[in-house]
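Novice: Could you have a look at this structure, given as structure tokens, before my questions?
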Amino acid sequence: MEIKNLTKKFGDFIAVDHMSLTIQEGEIFGLLGSNGAGKSTTINMISGLLKNNGGEIYILGKNIATHSKFAKMNIGIVPQDLAIYEDMTAYENVRFFAGLYGLRGTELRVRAEEALEFVGLSDKQKSYPKNFSGGMKRRLNIACAIAHRPKLIIMDEPTVGIDPQSRNYILNSVRKLNEMGCTIIYTSHYMEEVEELCTRIAIVDHGKVIAEGTKEQLTAIITDTKEIWVEVKTCEHIDEKSLKEIKGVNTVTIEENIIKIISQAEINNLNQIIQFFINHGLEIRSLQEQAPNLETVFLTLTGRNLRD
Amino acid sequence: MNIFNIAIMEFKRTIRDHRTLLFMLAFPIVLMLILGTALSNVFDNTIKIDKIHVLYTEKNDSHISSAFHTFIKDVKRENMYFSNTSASIDGKRAVKQDEYDAYVEITDQGIQFYGSERESMKSSIVEGMLTAFTDRYNLISNIAKEKPNKVQTVMASSGGSYVKETSLQADRAPGSMDYYAMAMTTMIAMYSAISASFLIRSERIRNTAIRLAVAPIRKMEIFLGKILGSIAINFVCILIVMAFSQFAFGANWGSNPGMVILILFTEVFLAVSFGLGISYMIKSDQGTRTIIMIILQLASFFGGAYFKIGNAQGFLKLIIDLSPINWAREALTKMIYNNDLTAALQTAALNVGIALVFLIAAITAFRKREGL
Ligand SMILES: Nc1ncnc2c1ncn2[C@@H]1O[C@H](COP(=O)(O)OP(=O)(O)O)[C@@H](O)[C@H]1O
Ligand SMILES: [Mg+2]
């Protein structure tokens, strides 16, 4: 799949801004970005739900503007919000949606059953989703997207708001689907998921791709910074401003009683930092230097936290 | 095929929506039962009529004379007695003094009729029979009444002997159960608008609109499938209500089931298109719901769903005439009790016409929209 200069405006607001990406067959491609970054909007344009204001989208080499039906046949969408009928059984849901892809008769039945089995809902075929747990609904949401065996599966934050067990189940299904030959686009604002799952990742912010590559390539961007976490007893009165004035410190973020400091790697300022806490009467409980991760990358590139 | 699948799905899901179903079925049936029973005396047409005495004179030897005598013989069976009078008696005065219920003069020009004011029921029966008689013989009838407007006589001249024809007189208006069967059925048909206003909207709310929109089918297939499903399930509900009123309450639906079904079907079509159209004209959920409820309530009230509004004039009549429930019920009444098929066809055409306006508005808005 390839997108070139993809742009979407909502009135004056530019939700997706000249975005370009190439995704190879067989990849699990992650779109990482905070809420409102434009991930869903991008996905909605790829799936044909929204019309783009500029740029092109190619699926399996064909422009979707001219080969919309071909594109739609080959895409399976797992929408960010649950998209199932609560008043139809799990089986009826999958069967109905798969039927829209031209499947009929025995084939339709078998595919629907397979999809349900794949997400572990075989024994719930005849149950109504209104009685399902959040995780089960999410899994049904996936089954509805895969019964027609799309080559490209797009999952928009499929793990939002569910229990860890269901979450693991879903992450494993994503891997399994990938092993079965599906290309997957996976959006999330959970850095850990993307880091764990994806072969390649694009970091999206304000509708733009600000970095792209494997996890290693992305973290390599930040050889010039280091991240120091200082855990204190209480951090009610932290003077962030003077902390930032310490030579080399780029950003300071506070999460509960951990102060995360990103600083230039080549400047040794650990002494000053410790001195700062002592001077302000803040009791240090622990202090560690973090290995760079995607969170750090995001923070370095945008100056904001992923979950902001 | 997709249209069909989507329609079936809509149908199935509505059947599972017990609340809506209960409303569409139980509500009209219960109201029918309550209103039809409670207000039965308002509609009572089965007044027992005893012997009717009519005085008549024949001027000259008119060419209808022999036919008229056959008529007189026939109507005896209906408890109607004609007595010939000599010219010396003033027939009109005899009627005024209540000696007779009506006075009839047969001349070459036709028949002149004077009905009793006091015995208006009896005199109007005589009038009706005479009208049928004259119609049948293609005579110029010149019926003058002492008080015109008193009774509106139904002029029907087709089929059967005139006697049989006019003896149906007492049944020629709906009884209370007949009335409320029609009123409630036509009212609940309009209530299809409520579910229709959520037809596409509910897909958006549930996000299933996304799946429908990303599937390799045309948008219009979704639209048509949903509408078909909605019309089908609502129509089935209406038919059940109608059949129930006929078999359980003995409501009279006439001898033209095809036309009854046509009127009800076009009314459901109108209601569904109306609901859908409004849902595209008004942005908010709450707004759509409110507007539709208000219109439905007004249409029900002024359309005579709860009680019959007689002799309305001016503005009130205008409002009444604007209610689709009124059109449909009037058309049904005319057809069932008057055999007037023209009114039924006109109403069906009107329903379809207005439905198309709303539908085209909805389709235009639907096509412009991104997604569903
Ligand atoms: N239909 C819409 N109309 C107007 N603005 C929208 C619409 N959909 C999304 N947006 C805006 O576009 C931006 C990107 O949204 P979205 O793609 O949903 O972000 P993400 O999925 O990355 O959280 C947000 O600021 C959002 O408010
Ligand atoms: Mg999103």
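The values are calculated or read from the model by the stated rules, or taken from the named source; none is laboratory data. What you are looking at is a predicted structure, and each value in this text was computed from that prediction instead of being measured. Positions of Cβ are generated from backbone atoms using ideal geometry, with glycine treated the same way; all protein chains shown enter the neighbour counts.
Novice: Which ones in the stretch A:71-123 are among the small types (Gly, Ala, Ser), at the interface with chain B (Cβ under 10 Å from one of its Cβ atoms) and under 21 Å from A:ASP156 (Cβ atoms)?
Specialist: A:ALA71, A:GLY76, A:ALA83, A:ALA98
Novice: What number of residues within the stretch A:93-116 satisfy the criterion of being farther than 17 Å from B:PRO216 by Cα and surrounded by fewer than 19 Cβ atoms within 10 Å (Cβ to Cβ)?
Specialist: 7
Novice: So, one more: Before we move on, is B:MET335 more than 14 Å from the chain's Cα centre (by Cα) and touching a residue at least 60 places away in the same chain (Cβ under 8 Å)?
Specialist: No, not satisfied.
Novice: Let me ask you something else. In the set A:ILE146, A:ILE170, which member is among the hydrophobic types (A, V, I, L, M, F, W, C), at pLDDT 95 or above and more than 16 Å from ligand 2 (Cβ to nearest atom)?
Specialist: Exactly one of A:ILE146, A:ILE170 is among the hydrophobic types (A, V, I, L, M, F, W, C), at pLDDT 95 or above and more than 16 Å from ligand 2 (Cβ to nearest atom), namely A:ILE146.
Novice: Please work out which residue is surrounded by the fewest Cβ atoms within 10 Å (Cβ to Cβ), limiting yourself to the stretch B:358-372 and to residues that are touching a residue at least 40 places away in the same chain (Cβ under 8 Å) and in a helix (DSSP H, G or I).
Specialist: Only one residue fits best here, namely B:ARG367.
Novice: Scan the stretch A:160-190 residue by residue and report those that are of a type in the set (D, E, K, R) and either outside the structural domain of A:GLY135 (by TED's automatic domain parsing) or over 15 Å from A:PHE118 (Cα atoms) (or both).
Specialist: Correct list: A:ASP163 only.
Novice: Residues being farther than 28 Å from B:ARG204 by Cα and assigned to a helix (DSSP H, G or I): count how many of those fall in the stretch B:335-357.
Specialist: So the count comes out to 16.
Novice: Among the residues that make up the stretch A:52-69, is at least one of them touching a Lys or Arg at 6+ places or on another chain (Cβ under 7 Å), in the same structural domain as A:ILE210 (by TED's automatic domain parsing) and within 15 Å of ligand 1 (Cβ to nearest atom)?
Specialist: Taking every residue of the stretch A:52-69 in turn, at least one turns out to be touching a Lys or Arg at 6+ places or on another chain (Cβ under 7 Å), in the same structural domain as A:ILE210 (by TED's automatic domain parsing) and within 15 Å of ligand 1 (Cβ to nearest atom).
Novice: Pick from the stretch A:1-15 the residues that are within 14 Å of chain B (Cβ to nearest Cβ) and surrounded by 18 or more Cβ atoms within 10 Å (Cβ to Cβ): which of them is nearest to ligand 2 (Cβ to nearest atom)?
Specialist: A:ALA15
Novice: What residue, among those in the stretch A:149-162 that are under 15 Å from A:LEU60 (Cβ atoms) and within 13 Å of another protein chain (Cβ to nearest Cβ), is farthest from ligand 1 (Cβ to nearest atom)?
Specialist: A:PRO150
Novice: Also, quick follow-up: For the structure I just gave you, tell me whether A:GLU196 is out of contact with any helix residue (DSSP H, G or I) (no Cβ under 6 Å at 6 or more places or on another chain) and without any contact (Cβ under 8 Å) to a residue 24 or more places away in the chain.
Specialist: Values: out of contact with any helix residue (DSSP H, G or I) (no Cβ under 6 Å at 6 or more places or on another chain): yes; without any contact (Cβ under 8 Å) to a residue 24 or more places away in the chain: no.
No, not satisfied.
Novice: Taking the options A:PHE10, A:PHE29, name whichever one is in contact (Cβ under 8 Å) with a residue 40 or more places away in the chain, of a type in the set (Phe, Trp, Tyr) and within 16 Å of ligand 1 (Cβ to nearest atom).
Specialist: Criteria check complete, one pass: A:PHE29.
Novice: I'm told A:ASN35 meets every condition in (1) modelled with pLDDT of 95 or more; (2) out of contact with any Asp or Glu (no Cβ under 7 Å at 6 or more places or on another chain) except one. Can you identify the failing condition by its number?
Specialist: Every listed condition holds for A:ASN35 apart from (1).
Novice: I would also like to ask the following. Hey, could you check the stretch A:50-70 for residues that are touching a residue at least 24 places away in the same chain (Cβ under 8 Å) and under 23 Å from the mean Cα position of the chain (by Cα) and say which is farthest from A:LEU299 (Cα to Cα)?
Specialist: A:LEU60
Novice: I would also like to ask the following. Within the stretch A:58-70, track down each residue that is within 10 Å of chain B (Cβ to nearest Cβ) and farther than 16 Å from B:GLY371 by Cα.
Specialist: Residue satisfying the conditions is A:PHE70 alone.
Novice: What tally of residues in the stretch B:305-334 results from selecting those that are assigned to a helix (DSSP H, G or I), farther than 19 Å from B:MET242 by Cβ and among the polar types (S, T, N, Q)?
Specialist: Looking only at that region, the number is 0.
Novice: All but one of (1) under 30 Å from A:GLN80 (Cα atoms); (2) aromatic (Phe, Trp, Tyr); (3) surrounded by 22 or more Cβ atoms within 10 Å (Cβ to Cβ) hold for B:TYR280; state the number of the condition that does not hold.
Specialist: Of the numbered conditions (1) under 30 Å from A:GLN80 (Cα atoms); (2) aromatic (Phe, Trp, Tyr); (3) surrounded by 22 or more Cβ atoms within 10 Å (Cβ to Cβ), the odd one out for B:TYR280 is (3).
Novice: Would you kindly identify the helices (runs of 4 or more DSSP H) lying entirely within the stretch A:203-279 that contain at least 2 residues that are within 16 Å of ligand 2 (Cβ to nearest atom), surrounded by 18 or more Cβ atoms within 10 Å (Cβ to Cβ) and in the same structural domain as A:THR187 (by TED's automatic domain parsing)?
Specialist: Passing ranges: none, list empty.
Novice: Which residues, counting only those in the stretch A:180-200, are assigned to a strand (DSSP E or B) and more than 16 Å from ligand 2 (Cβ to nearest atom)?
Specialist: Answer for the stretch A:180-200, where residues must be assigned to a strand (DSSP E or B) and more than 16 Å from ligand 2 (Cβ to nearest atom): A:THR183, A:ILE184, A:ARG200.
Novice: Give the stretch A:22-47 a look and list any residue that's of a type in the set (A, V, I, L, M), away from every other protein chain (no Cβ under 14 Å) and within 16 Å of ligand 2 (Cβ to nearest atom), or say none.
Specialist: A:LEU31, A:LEU32, A:ALA37, listed by residue number.
Novice: Mind listing just one residue for me: the one in the stretch B:210-221 that is assigned to a helix (DSSP H, G or I) and more than 8 Å from chain A (Cβ to nearest Cβ) and, of those, surrounded by the fewest Cβ atoms within 10 Å (Cβ to Cβ)?
Specialist: My answer is B:MET220.
Novice: Give the residue, chosen from B:ALA299, B:ALA355, B:ALA305, B:ALA344, that is within 22 Å of B:GLY225 (Cα to Cα) and in the same structural domain as B:ARG211 (by TED's automatic domain parsing).
Specialist: The conditions single out B:ALA355.
Novice: List pairs: first residue in the stretch B:1-23 and within 11 Å of chain A (Cβ to nearest Cβ) and closer than 16 Å to A:ILE84 by Cα, second residue basic (Lys, Arg) and part of a helix (DSSP H, G or I) anywhere in the structure, Cβ distance under 8 angstrom, at least six positions apart or on different chains.
Specialist: B:ILE6/B:LYS226; B:GLU10/B:LYS226
Novice: Does the stretch A:166-197 hold any residues that are away from ligand 1 (no atom under 16 Å from the Cβ), within 19 Å of A:LEU21 (Cβ to Cβ) and not β-branched (Val, Ile, Thr), and which are they?
Specialist: Correct list: A:ASN178, A:CYS182, A:GLU195, A:LEU197.
Novice: Let me ask another. Got a number for residues in the stretch A:199-225 being free of Cβ contacts under 8 Å to residues at least 60 places away in the same chain and among the aliphatic types (A, V, I, L, M)?
Specialist: Number satisfying all stated conditions: 1.
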